Amino acid sequence: MDTMVSGHDVPALPAVNCPKRAVVEVLANKWALLVLGTLNENTAPMRFNQLGRSIEGITQKMLTQTLRTLERDGLVRREVYPTRPLRVEYDLTPLGTQIAELVEVISQWAFTHINEIYAAREAFDIQERTPPIAR
């Protein structure tokens, strides 16, 4: 449902239970994006420790939480093999592959524009440090 703001139609913010909001919450999680991207880059399923080593800065706890969330959302498949010790592998579902392709587009955009972003940050920071000129 849209709302009117100053005579213009403006899309209403998604409600808490809105499907769009649920997807945005997944995409707003940096660890989810990194896990999806890492799984997408590999042609074979990955083991937990292999994933952890591939994603700099992620803790075991955060990797576990992220994988569970992605599995629950149907984006990651977890396969347990009855070996000793148990072998667990993770890979993308077809749905996960589709969203990982979007993540790749975002990554490419970031790579292309990172210098512009850094320059904008630097200009902003300089402006914030410069006192206003008194008239």
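Using 0.36 nm per residue of separation minus the Cα-Cα distance, give me the extension gain between residue 25 and residue 72 in nm, one decimal. Can you show the working numbers first?
On the way: separation 47, 0.36 × 47 = 16.92 nm, distance 1.37 nm.
Answer, rounded to one decimal: 15.6 nm.
Around the amide H of residue 47, modelled in the peptide plane, lie the amide H atoms of 90, all under 5 Å away and 5 or more residues distant in sequence or on another chain.
So how many Å³ per residue does the convex hull of the Cα atoms of segment 76-135 work out to? Please report the intermediate quantities before stating the final value.
Details: hull volume 9.1 nm³, N = 60.
With only Cα atoms used, segment 76-135 gives 151 Å³ per residue.
Note down the relative contact order for segment 4-135 as a percent, whole number, built from C-alpha pairs under 8 angstrom at least six residues apart.
Working: 95 pairs, mean separation 27.3, N = 132.
In percent, rounded to a whole number, it is 21.
With +1 on the Cβ of every Lys and Arg and -1 on the Cβ of every Asp and Glu, and nothing else charged, how large is the dipole of the chain about its Cα centre, in debye rounded to the nearest 20? Don't skip to the answer; put the middle values down first.
Numbers: 15 positive and 16 negative charges, 129 e Å.
The calculation lands at about 620 debye.
Close amide H pairs (under 5 Å, H built 1.01 Å from N) link residue 77 with 91, 92, 93, residues at least 5 positions away or on another chain. Of all accessible surface on the chain at a 1.4 Å probe, what whole percent is carbon and sulfur? Percent of accessible area from carbon and sulfur atoms in the chain: 57. Ordering 29, 54, 17 by the projection of their Cα atoms onto the charge dipole of the chain, which places +1 on the Cβ of Lys and Arg and -1 on the Cβ of Asp and Glu, puts 54 at the extreme positive end. Average accessible surface for the chain: 79 Å² per residue, computed with a 1.4 Å probe over protein heavy atoms with every protein chain in place.
Taking the Cα centre of segment 56-135 as origin, sum charge times position over the Cβ atoms of Lys and Arg (+1) and Asp and Glu (-1), and report the length of that vector in debye to the nearest 20. Intermediate results must be reported in sequence, preceding the final value.
Details: 10 positive and 12 negative charges, 82 e Å.
For this selection, approximately 400 debye.
Taken over the alpha carbons of the chain as equal point scatterers, the Debye sum produces base-10 log I(q)/I(0) values at 0.10, 0.15, 0.20 Å⁻¹ of -0.52, -0.88, -1.15.
Scalar couplings 3J(HN,Hα) for segment 76-84, obtained by applying the Karplus form with A = 6.51, B = -1.76, C = 1.60 to θ = phi - 60°, are 10, 9, 10, 10, 9, 9, x, 10, 10 Hz; x denotes Gly and Pro.
The values are calculated or read from the model by the stated rules, or taken from the named source; none is laboratory data. Small disclaimer: the values here were computed from a predicted structure and weren't measured. Reconstructed Cβ throughout: ideal geometry from the backbone, glycine too, with neighbour counts over all protein chains shown. Side chains included, ligands, DNA and RNA excluded: accessible areas come from the protein's heavy atoms. Shrake-Rupley method; radii C 1.70, N 1.55, O 1.52, S 1.80 Å.
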